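The values are calculated or read from the model by the stated rules, or taken from the named source; none is laboratory data. Since we're looking at a predicted model, the values are computed, not measured. Don't worry about glycine lacking a Cβ; one is built from the backbone with ideal geometry, like all the others, and counts go over all protein chains shown.
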Amino acid sequence: MPFNPLLILFGAIVLVIVGYLLWLAYTIITSPIPLTYNFKSVIIRWRSTSATILGIALVVTVYILLHAMAAGLERSSANTGDPRNIMIVRKGSTAESSSIVMRDQFKLIQYLPQIARDEKGQPIISADLAVIINLPRRDNGGEANVTMRGVSPMGMELRPQVKLVSGRWFVPGKREVVVSQKMAARFTSTDIGQQFKTGGHELTVVGWFDGGESAFDSEMWMDADEARSIFDRENYSSLLARTANTNDAAVLMQRIETDKRMALRANFETDYYAEQTTTAIPIKFLGTFLATAMSIGAIFAAMNTMYAAVGARTREIGTLRVLGFRRRVILASFNLEGAILAGIGGVLGCSLALLAQYVCVAFDVHFGTLSFNTFSEVIFQFRVTPGLVLQGMIFAVVVGIIGSLLPAIRAARLPVIASLKSV
Amino acid sequence: MTVSTFILKNALRNKRRATLSILSVAVSLFLLVTLLVALREITTPAEGAGAELRVAVRNKISIANLLPAKQLPIIERIPGVESVTPFTWFGGKYKGEQGMSFAQFAIDQTKLHGVFGELKLTPDEFKAFEADRNAAIIGKITADKYKLKVGDKIVLESTVYPVTMEFKLAGIYSGTPDDRNMFFRQDYLDESSGEKGMVGMWWLKVKSAEDMPRVLSAINNAFANTSAEVRAETERAFQLGFISMWGNIKLLVMLICSAVIFTLLLVSASTMSMAIRERFRELAILKALGFRRRELFTFILAESFGLAAIGALVGVGGAYLLFTYGDITKMTNGIFPSFEVTPRIVGIGVLVAAVLGIVASIMPSIAVAKMSVTEGLKTLD
Amino acid sequence: MVCILFSISLLSFVAVENIVSIRNLSKLYSQGEIQVTALDNISLDIQSGEFLTLMGPSGSGKSTLLHIIAGIDRPTSGECRVQGIDVTKLNESQLADWRNQNVGFVFQTFNLIPVLTAYENVELPLLLTRLNRSQRRTQVEIALDLVGLADRARHLPKQLSGGQEQRVAIARSLVTDPALLVADEPTGNLDSHSAQEVLGVLQALRSQAGKTIIMVTHDPKAATFGSRTIHLEKGELSK
């Protein structure tokens, strides 16, 4: 096994850090200096510490909110689909809009025995056509790509998480469209009764639906065959089929995957959408990068604040030493105080993030951006998870410990007599 | 000793405090500049030479819809049009990577120079591109990233067409604002994909700026009420359209920049305030000696400006040096083909530092103004 | 409370001997390029139960001597035995523990922790012992009682007058029941009335509790409260 010197160095550093943190925790737990001393010291200097606390709070808020955006994006993917459905697309295509499923392939597949049937004996399967269209946004926000989905009459039944909230479903054979309520809020001419033009034809909006916080919230639906006619397509993009049980599902997927002529791939619908998380990645990266960069500034700020605290309490420290308190206890105490300071900032930051989320949810504010997966608009909301709150707090505490380490060392090394004489 | 050396000695009294303040300012300004540059790169379309004369023609439904190849002769016949090429997105995955790390387009190899004049290849490379059917040219940035050289074989699996195609690298180009793309021949694509007769977009060059508006409307009208209506727009309009698809991102980055600036001001102002408070004693003595409030304000302002200025020098200056002389493209693995620190951005950084210098001196100045001499002198003990 | 004082004073009568023995103590240090002799070959015995006053002009080394006896400074040479233990031979940790148990220190600037109440300030040294909370409470209340400030236990230092602060500091110095109390200019920051009060407390501690008190002062009036006065000049004892 080759010994990578960089890896060894990294491992050594991690070991040292973990060791120090354990020592710190132990010293604080067994410390004779009461926690209230540190708390009171932080609070009494609130005027000079509030700026640092606020700075750390903002770092934490930025980190959490950006990651919450990413989490929101991932959630709308993860939340999509019915576990009984199988999604069939062309092998090798990454977006539904560039996938092609031929008409005769659909004819073949729809009568496969593994596909469930409704009470009339019809197979529960939808042949969809996914087309990307370009529509103008409300409030002069330019134009954006939107996913228009043509569905078969079974399409609504296959997707029970999508519910009509206003108006009615489209009638097959008519140039009618049903729009996601969240999309209607963002694009012009999408109120019920209005018309917009695409593919050279006018489409009438007859209803709004709620996608149930899934990827369908970013779509508009119409009749599949009408769509094929308007957008001049011979074939479909994908098939969505219901299976009665997991056994049938497995057999169906196997059947389709192994058919070399058709060159299709089949997944559980939930799996298919769960994989579509590429858009979240750069946002997560941005969140971590920004927070780390901002926290360097925060570390300096914490350092400054704690140096000032040590400077102001030099006589106190000397007194504690005279009374018999050891140096390492003083070190741990001041390091802890830095962590407490930053921890307060962390709590504030988490609260701000939660407040932002609450406001967005209360006022039904959503964000939209270009999805890398569908190449069209995707709508999402902040999603501040408990995991993110924990990460934010850890971030803050780490900043506090790093920032106050040097001042704490200085406090511990103050010579007793000189400290007693200081102003 | 002059007044300025007095101020200087004062400021350097606590070197550590001064250094930390400067570093804090510098780091935040560096971050601010980085954010502004990144924002500009993302939202301002890069202008290659010749961009003002180029037109992008896409399917009116959306760019994701294809156009029939038979539109070509109609467009070429429009007066004012100099050269037209198809421009078809291939969406290929390279070497089994999960995502696409560079874009590939199928074009008409004979029209390459006519439409994208700024793209530089050696005459031999141009010839090779026109000679071999499976020839491809690739931008220098991507070539460097994957260490490709002329003659290398490139295999790409398309996510749009049901094919995997093999190409031979005929040349490495540079000179465009985005030297990351790969171009190959539309006829080779037609043949391999079996999908003859459809292209992704048209890109064309008009003869002169005066021809532009006429050409645009001519193209739009030529295909009105056909099954493939088009949207013809200038290159700039096309790029801006792309950018507007990003939606709230610009707003988001603005908000973050504001948060950064706010944090910066807050933290640095409080740091400097703390420093001043330490010096109440000296300031009280000065006041007792007869220095007027106005002069004390000047001392404080000079010190806070000085610290902010040095912080700006380190932060903004450092960012400028790093991004101008460092290879950002390599560092970000090709995400940013360019990373330019414009004079405007430098100006913003300096302005923020100046505001910081002023803001940081406000609280201490107020405190000094209100301070009575005896109170300040009491801290002597 | 009287019983407690009585039992304490009983104990102190058992050991009438030299509580502090100093032999050939010298302290030199360099200030930049100059060598300063703070203490020059001092030898001194202090008896248990004495109230010793150290006087001398500024720079005479009296504070230095006090610091060495109290275990917060080290001599360059010589030895200093307190209750038989040579404090110059103890290391940092040992000194810290030793101070906690055996010395009470009173400062000119009181040196109370501003964010802690009088009670909490007095309790501080006890946090280094193994006593539990209720045992600590007993000791603190005794100490505060002794200085007459039991009713101010919950007050912060800023809510106390200078004299009261110093008395809290004295209570703190007593709370681990050390044999030795050292005071460095304890009345330097007090008005004459408070000064009298504080000196009275110190005197009472010596006469009724048998504490040995070593006080540095430059106030001749304060010195009259002591049982013996020593003069230092330029690091040497003078009579």
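Structure data summary
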item: Among (1) within 11 Å of chain A (Cβ to nearest Cβ); (2) assigned to a helix (DSSP H, G or I); (3) in contact (Cβ under 8 Å) with a residue 60 or more places away in the chain, the one test that B:LEU251 misses; result: (3)
item: The range B:222-245 - residue that is away from chain A (no Cβ under 11 Å) and part of a helix (DSSP H, G or I) and, of those, nearest to the chain's Cα centre (by Cα); result: B:GLN239
item: Filtered residue count, the range A:103-139, keeping only those that are surrounded by fewer than 20 Cβ atoms within 10 Å (Cβ to Cβ), within 11 Å of chain B (Cβ to nearest Cβ) and among the hydrophobic types (A, V, I, L, M, F, W, C); result: 0
item: Residue identified as buried (at least 19 other Cβ atoms within 10 Å of the Cβ), at pLDDT below 90, more than 26 Å from A:ILE56 (Cβ to Cβ) and over 27 Å from the mean Cα position of the chain (by Cα) among B:ALA64, B:ALA11, B:ALA18; result: B:ALA11
item: Selected residue (only one of A:MET156, A:MET148 is surrounded by 17 or more Cβ atoms within 10 Å (Cβ to Cβ), closer than 25 Å to A:PHE367 by Cα, assigned by TED's automatic domain parsing to the domain that holds A:ARG242 and out of contact with any Leu (no Cβ under 7 Å at 6 or more places or on another chain)); result: A:MET148
item: Qualifying position, being in contact (Cβ under 8 Å) with a residue 12 or more places away in the chain and either of a type in the set (S, T, N, Q) or buried (at least 20 other Cβ atoms within 10 Å of the Cβ) (or both), among B:LEU29, B:LEU72; result: B:LEU29
item: Given (1) more than 20 Å from the chain's Cα centre (by Cα); (2) closer than 25 Å to C:ALA38 by Cα, index of the condition C:ARG74 fails; result: (1)
item: The range B:52-61 - residue that is crowded, with 17+ Cβ neighbours inside 10 Å, more than 20 Å from A:GLU202 (Cα to Cα) and not basic (Lys, Arg) and, of those, modelled with the lowest pLDDT; result: B:LEU53
item: The range A:140-178 - residue that is assigned to a strand (DSSP E or B) and among the aliphatic types (A, V, I, L, M) and, of those, nearest to the other protein chains (Cβ to nearest Cβ); result: A:ALA144
item: Any hit, the range C:197-208, residues being at pLDDT 90 or above, surrounded by 20 or more Cβ atoms within 10 Å (Cβ to Cβ) and part of a strand (DSSP E or B); result: no
item: Residue ID - nearest to B:ARG58 (Cα to Cα), chosen from residues in the range B:190-221 that are among the charged types (D, E, K, R) and away from chain A (no Cβ under 14 Å); result: B:LYS205
item: Residues satisfying the stated conditions in the range A:192-233, i.e. out of contact with any helix residue (DSSP H, G or I) (no Cβ under 7 Å at 6 or more places or on another chain) and in a loop (DSSP other than H, G, I, E, B); result: A:ILE192, A:GLY193, A:GLN194, A:GLY200, A:GLY212, A:PHE231, A:ASP232, A:ARG233
item: Set B:ASP108, B:ASP132: member being touching a residue at least 24 places away in the same chain (Cβ under 8 Å) and either closer than 30 Å to A:ILE100 by Cα or touching an Asp or Glu at 6+ places or on another chain (Cβ under 7 Å) (or both); result: B:ASP108
item: Residue within the range C:62-69 that is closer than 16 Å to C:VAL175 by Cα, touching a residue at least 24 places away in the same chain (Cβ under 8 Å), surrounded by fewer than 22 Cβ atoms within 10 Å (Cβ to Cβ) and more than 8 Å from chain A (Cβ to nearest Cβ) present; result: no
item: Matching residues in the range A:248-274 - criterion: being closer than 20 Å to B:VAL163 by Cβ and of a type in the set (Gly, Ala, Ser); result: A:ALA263
item: Complete set of residues in the range A:309-328 that are buried (at least 22 other Cβ atoms within 10 Å of the Cβ) and touching a residue at least 60 places away in the same chain (Cβ under 8 Å); result: A:ALA309, A:VAL310, A:ARG313, A:ILE317, A:GLY318, A:THR319, A:LEU320, A:ARG321, A:VAL322, A:PHE325
item: Selection count, the range B:32-51, where residues are buried (at least 20 other Cβ atoms within 10 Å of the Cβ) and either more than 30 Å from A:PHE289 (Cα to Cα) or modelled with pLDDT under 80 (or both); result: 0
item: Residue within the range A:60-79 that is without any contact (Cβ under 8 Å) to a residue 12 or more places away in the chain and over 30 Å from B:SER21 (Cβ atoms) present; result: no
item: Hey, C:ALA143 over 13 Å from the mean Cα position of the chain (by Cα), aliphatic (A, V, I, L, M) and either over 27 Å from C:LEU95 (Cβ atoms) or part of a loop (DSSP other than H, G, I, E, B) (or both) or not; result: no
item: Residue list for the range A:41-66, filter: surrounded by 18 or more Cβ atoms within 10 Å (Cβ to Cβ) and more than 14 Å from chain B (Cβ to nearest Cβ); result: A:SER41, A:VAL42
item: Within the range C:101-124, tally of residues that are in a strand (DSSP E or B), β-branched (Val, Ile, Thr) and facing another protein chain (nearest Cβ under 9 Å); result: 1
item: Breaking point among (1) crowded, with 24+ Cβ neighbours inside 10 Å; (2) within 14 Å of chain B (Cβ to nearest Cβ), for A:ILE86; result: (2)
item: Residue within the range A:379-399 that is within 14 Å of chain C (Cβ to nearest Cβ) and under 20 Å from A:TRP23 (Cα atoms) present; result: no
item: Count - residues of the range C:44-61 that are touching a residue at least 60 places away in the same chain (Cβ under 8 Å), assigned to a strand (DSSP E or B) and not aromatic (Phe, Trp, Tyr); result: 7
item: Cβ-Cβ under 9 Å pairs, at least 6 apart or on other chains, the range A:113-142 side over 17 Å from A:ALA266 (Cβ atoms), far side of a type in the set (Phe, Trp, Tyr) and not in a strand (DSSP E or B); result: A:LEU129/A:PHE231; A:VAL131/A:PHE231; A:ILE132/A:PHE375; A:ILE133/A:PHE231
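Conditions (1) surrounded by 18 or more Cβ atoms within 10 Å (Cβ to Cβ); (2) assigned to a helix (DSSP H, G or I), marked per residue:
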position	(1), (2)
C:ARG130	no, no
C:LYS158	no, yes
C:GLN166	yes, yes
C:ASP177	no, no
C:ALA195	yes, yes
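Matching residues to (1) closer than 29 Å to A:ILE115 by Cα; (2) surrounded by fewer than 20 Cβ atoms within 10 Å (Cβ to Cβ):
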position	(1), (2)
A:GLY193	no, yes
A:TRP208	no, no
A:ASP217	yes, no
A:ILE230	no, no
A:ARG233	yes, yes
A:SER237	yes, no
A:LEU252	yes, no
A:GLU269	yes, no
A:ILE281	no, yes
